[in-house]
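The values are calculated or read from the model by the stated rules, or taken from the named source; none is laboratory data. In this text, all values refer to a predicted model and were calculated from it rather than measured experimentally. When we count neighbours, we look across all protein chains shown, and the Cβ atoms used for this are built from the backbone with ideal geometry, even at glycine. Keep in mind that these areas ignore ligands, DNA and RNA; they rest on the heavy atoms of the full protein, side chains included. Shrake-Rupley method; radii C 1.70, N 1.55, O 1.52, S 1.80 Å.
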Amino acid sequence: MRVPYLAHPPEIIPIDVGRQLLVDDFLIAETQFARHFGRPVKHPGNPVFFPQSPSECDPAFPPTAVPKCGGVWYDTRDRQFKMWYMAGYLGAMAYATSPDGLHWTRPALDVVPGTNLVLPRSLHPDSGTAWIDEEASDPAQRYKLLVREGNLPGRHFFPAHLFTSGDGVHWTRAGETADMDDRSTCFYNPFRRRWVQSIRTWIHPRCRSRLYWEHADFVCSGQWQPKEPPFWVGADTMDVCGDARAQLYNLDAVAYESLMVGFFQILRGPPNQIGEARAEPKLTELVLATSRDGFHWHRPDRRPFIGARREPGSWEFGYVESTGGVCLVVGDELWFYYSAYAGEPACPRGPWQVNGMYGNGAVGLAKLRRDGFAAMQARFAGADLLTRPLTFSGRHLFVNAQTAGARLSVECRDRENHPVEPFTHARCQAFRGNATAAEIRWEGADSLAVLAGRTVRFHFTLDRGELYAFWVSPSPRGESRGYRGAGGPMTEGNE
C-alpha cells in the first residue's frame, strides 16, 4: 500500500496530540539512528482465561472462551478490566470483569438468569467488536457492539447486528449493517471522528480481503449500498505464507497516542478442509500495522507481532486473533489480549460450526514496553536525529528512552536548522537512564513556553541506546493529551 503522508509529509507538523512515536519517517528529516521493531513478550501464566463455565463447555459447541467477537477494555468509570467474549464456539455472548487484568470473574447477570451471558442464547456470535465510546453524547449509548453471526449454509453475505448499552450488560438493538462476510469488525477513528466498518470480502486472486466504510454515526456506519464500499487492503507478496497463499483474515485497529495501531490477522494456511479433517486450527498470526489517517497502513515489519506456537499440545496452536480495543496501557507497559485455539480431536467431524478445529479457544496476554512498537537505536558514538519542522502549544519536552548509560541530549532549532538559545546541546541537562516519561530541561529556561506556536525542530544526539517517543506536555507531570487504546489504570507520568 502506498502511504501518501510518508511520500509527501506536510511542511510543518503539529504535535499537540499524543506521544510522537517513531514507527516511520513521518517526523524525521535526517537521522543516523537505525530503526528496530519491537515485539511483545507473552505472559508466562498464559492462558489467562479459558473455557470453564457451563456455557463455555456446552457440549453442543466446541469448548471456547475468546473475545474475537467482542473486546477487552479498562473501564475508567468502574475502574475495572472488562471482557466481552464468545462462550462456546458460535455459542453465546458473555461478559467477565477483573480488578487487575489477570484474574477474571464471571458475574451472575439477569439477562439469562444464572449465567454471565449478555445476549440471548438464540444469538450466536461469530465475529464483531465491543467498544467503550468515551465520546458518546448519550450515556445510554456509551457501549457499542457489532455482532455478526456465523455463516449460513450457502449464504456468506448477510447483515450484522448493531447494539448500544448504558452499562455494557443490557443491550438495545440499534440497527443492522448491510451485507458483509464473516470476520467483519469495526473500530472508531477519533482523528477523523468516524466509525469504520472493517468489512470482510472475497476478491480473486487475493481471496480474503477488506472493504472500507465510515460514518460519524455508529449505526449509519453500517449502512451502504451493494458494491459501494471501496477495496481497502489485503495480504500481499511480502506476507509470509505457509500451506497456502497468504490472506487477510481480519483487521482490527485502535487509536494509540498520535496514531492508529492495527493488527493484520494473516492467514498462512492450511485450507479449511485440512484443518477440519485434522481437528486442528488454521494458522493465523497477528502482524503489526500503523497508520496516521486510519486508512493507509504502513507495514515494514512482516514478522508475527503475536504468533502461534505450532507444537503438539500447545494451547495456542493456531488461529491467533486480535480483540476489539487492540491494546491497553498498564503502567509502563502495553497489554495485548489475544485469542488462540488448541483444537479438539474429540469433537465430531462434521460441519465447521461444530468441528474440533475451533475447539479449546482461550485468551492470552502479551506485554510490550510503552511506545515500544519501534525504537530508533544509536549504534555508534555521535549518532543523531533531526525532526522535520514542528509546532506545539505545550511547555515541557518529554522522552521515552533507554540510554544504556549514555547521555541523550536535545537541542531546539529553528526552521532553517539554527540552534535556538538557550535550548542548545551545551545547556541541555541530558537524560541518562531508562524511563518511559523523562523530562528534558535546559539551563537558563523554566520551560519551552517561549517556543509555543513557533516552528521548531528537535535535534537528538545519543552514543548508544534507544529513543521510542517524544512529546511536549502542558504539564510537568508529562500527560501527552493522546489516545490510550482500550484504556488502562491512570498513573502519574503515564496520562
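Taking residues in the range 109-126 that are open to solvent by 70 Å² or more (accessible area, probe 1.4 Å), and partners anywhere that are hydroxyl-bearing (S, T, Y), the pairs with Cβ atoms closer than 9 Å and at least 6 places apart or on different chains are R121/S55; R121/T115. Listed conditions (1) outside any loop (DSSP other than H, G, I, E, B); (2) out of contact with any Lys or Arg (no Cβ under 8 Å at 6 or more places or on another chain) are all met by L251, apart from (2). Determine, yes or no, whether G372 is at pLDDT 95 or above and either in a loop (DSSP other than H, G, I, E, B) or touching a helix residue (DSSP H, G or I) at 6+ places or on another chain (Cβ under 6 Å) (or both). The answer is yes for G372. If you go through the range 207-247 and keep only what is of a type outside the set (F, W, Y) and in a strand (DSSP E or B), you end up with C207, R208, S209, R210, L211, E214, H215, V233, G234, Q247. When you scan the range 277-294, do you find a residue that is under 30 Å from V399 (Cβ atoms), part of a loop (DSSP other than H, G, I, E, B), touching a residue at least 40 places away in the same chain (Cβ under 8 Å) and of a type in the set (D, E, K, R), even just one? Within the range 277-294, one or more residues are under 30 Å from V399 (Cβ atoms), part of a loop (DSSP other than H, G, I, E, B), touching a residue at least 40 places away in the same chain (Cβ under 8 Å) and of a type in the set (D, E, K, R). Looking across the range 62-83, just one residue is charged (D, E, K, R), touching a Pro at 6+ places or on another chain (Cβ under 9 Å) and surrounded by fewer than 16 Cβ atoms within 10 Å (Cβ to Cβ), and that is R79.
Pull out all pairs, ordered by first then second residue, where Cβ-Cβ is under 7 Å, the residues are six or more apart or on different chains, the first lies in the range 375-395 and is under 12 Å from F458 (Cα atoms) and open to solvent by less than 60 Å² (accessible area, probe 1.4 Å), and the second is aromatic (F, W, Y) and in a loop (DSSP other than H, G, I, E, B). These pairs meet every condition: L385/F33. When restricted to residues that are more than 13 Å from S198 (Cβ to Cβ), more than 13 Å from the chain's Cα centre (by Cα) and open to solvent by less than 10 Å² (accessible area, probe 1.4 Å), the range 247-264 contains 0. For the range 351-363, state whether one or more residues are in contact with a strand residue (DSSP E or B) (Cβ under 6 Å, 6 or more places away or on another chain), closer than 30 Å to N151 by Cα, of a type in the set (A, V, I, L, M) and open to solvent by less than 60 Å² (accessible area, probe 1.4 Å). Looking for residues that are in contact with a strand residue (DSSP E or B) (Cβ under 6 Å, 6 or more places away or on another chain), closer than 30 Å to N151 by Cα, of a type in the set (A, V, I, L, M) and open to solvent by less than 60 Å² (accessible area, probe 1.4 Å), one finds at least one in the range 351-363, hence yes. Scanning the range 271-299 for residues that are open to solvent by 10 Å² or more (accessible area, probe 1.4 Å), closer than 20 Å to W352 by Cβ and not hydrophobic (A, V, I, L, M, F, W, C) yields P271, N272, Q273, E276, R278, E280. Residues of the range 2-61 being in contact with a helix residue (DSSP H, G or I) (Cβ under 9 Å, 6 or more places away or on another chain) and either at pLDDT 95 or above or open to solvent by less than 20 Å² (accessible area, probe 1.4 Å) (or both), which ones? Across the range 2-61, the qualifying residues are D24, D25, F26. Within the range 202-220, the set of residues being over 20 Å from R302 (Cα atoms), touching a residue at least 40 places away in the same chain (Cβ under 8 Å) and not hydrophobic (A, V, I, L, M, F, W, C) comprises P205, Y212. A426 meets the conditions (1) among the small types (G, A, S); (2) under 23 Å from S480 (Cα atoms); (3) outside any strand (DSSP E or B) in every case but one. The failed one is (2).
Number of residues in the range 88-103 that are surrounded by fewer than 22 Cβ atoms within 10 Å (Cβ to Cβ) and at positive phi equals 2. Restricting A430, A426, A401, A435 to residues that are surrounded by 20 or more Cβ atoms within 10 Å (Cβ to Cβ) and over 19 Å from I13 (Cβ atoms) narrows the list to A401.
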